[in-house]
Amino acid sequence: MNTTWYECKVKYRKVDESGSHKMVTEPYLVDALSYTEAETRINEEMSAYISEEFKITNIKIANFAEIHPFENSDRWFKSKVSLITFDEESGKERKSNMYLLVQANDIKEAFDNTTRMMKDSMSDYTIPAIAESPIMDVFPYFTGEEDQLEKFKSIKASMHSEEEIPPSVPPTPDTDTLESKVPDFSPEETEVLSVNETDSTDSSENNIF
């Protein structure tokens, strides 16, 4: 299923670096299935960050094909990517544009990150423009399936480790158990055993010579 991003503009009273309050309107992105869900989600997300009253002034579908966050980056850049295809009928090249929102610290890093994201593209492409975006933050939609997948992997790994437990040293038999397995002989049987043992001893001695 394709992801649809909605740009939501939020108006609220913000405290600047000098400590004074001023009204600002900032754009944010949310992943949603409809305008109604986008409005619900942006209200939930902003309620966690803004303690004072705020207002959603505008919601529209954002023209971004892909969103790519990067660690240790706090700015968003809009990269224009032109895909180049060859029209066999006309014999001419055709270009189709798409826009990526890439996180980076400056223009050069945004270009490098865009190139990294496009390295697996099957088509030739160019990056004719990159500009810093006013987007303040991005709120993707999580279904919770990621956590379930990690939980499944951990359970599967634990089951696999139990199957590979090395064989342990067999326990030492109990003395009482061994004694219980020794058969009882009658006095007559005991004499026969003694005689047989004596005969076998004499026989072995005679074989020496």
Scan (1) farther than 18 Å from P134 by Cβ; (2) loosely packed, with under 13 Cβ neighbours inside 10 Å; (3) within 32 Å of the chain's Cα centre (by Cα); (4) of a type outside the set (A, V, I, L, M, F, W, C) for the single condition Y49 breaks and write down its number. (1)
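Quick one: is E150 at pLDDT below 95, within 30 Å of E26 (Cβ to Cβ) and not assigned by TED's automatic domain parsing to the domain that holds I50? Spell out how you get there, then give the answer.
Values: at pLDDT below 95: yes; within 30 Å of E26 (Cβ to Cβ): no; not assigned by TED's automatic domain parsing to the domain that holds I50: yes.
Judged against the criteria, E150 is not a match.
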Can you confirm whether the range 33-51 contains a residue that is modelled with pLDDT of 95 or more and in contact with a Pro (Cβ under 7 Å, 6 or more places away or on another chain)? no
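Can you tell me which of D87, D31, D74, D124 is exposed (fewer than 12 other Cβ atoms within 10 Å of the Cβ) and touching a residue at least 12 places away in the same chain (Cβ under 8 Å)? Break it down stepwise before answering.
Numbers: D87 fails: touching a residue at least 12 places away in the same chain (Cβ under 8 Å); D31 fails: exposed (fewer than 12 other Cβ atoms within 10 Å of the Cβ); D124 fails: exposed (fewer than 12 other Cβ atoms within 10 Å of the Cβ).
Just one listed residue meets the conditions, D74.
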Taking the conditions exactly as written (part of a strand (DSSP E or B), within 26 Å of the chain's Cα centre (by Cα) and either at pLDDT below 95 or under 24 Å from D112 (Cα atoms) (or both)), does F77 satisfy them or not? yes
Considering only residues that are out of contact with any Asp or Glu (no Cβ under 7 Å at 6 or more places or on another chain) and either part of a loop (DSSP other than H, G, I, E, B) or modelled with pLDDT of 90 or more (or both), which ones fall in the range 84-94? E88, E89, S90, G91
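The values are calculated or read from the model by the stated rules, or taken from the named source; none is laboratory data. Only a predicted model underlies this, so the values are computations on that prediction, with no experimental measurement involved. Because the Cβ atoms are built from the backbone with ideal geometry, glycine has one as well, and the counts that use them run over all protein chains shown.
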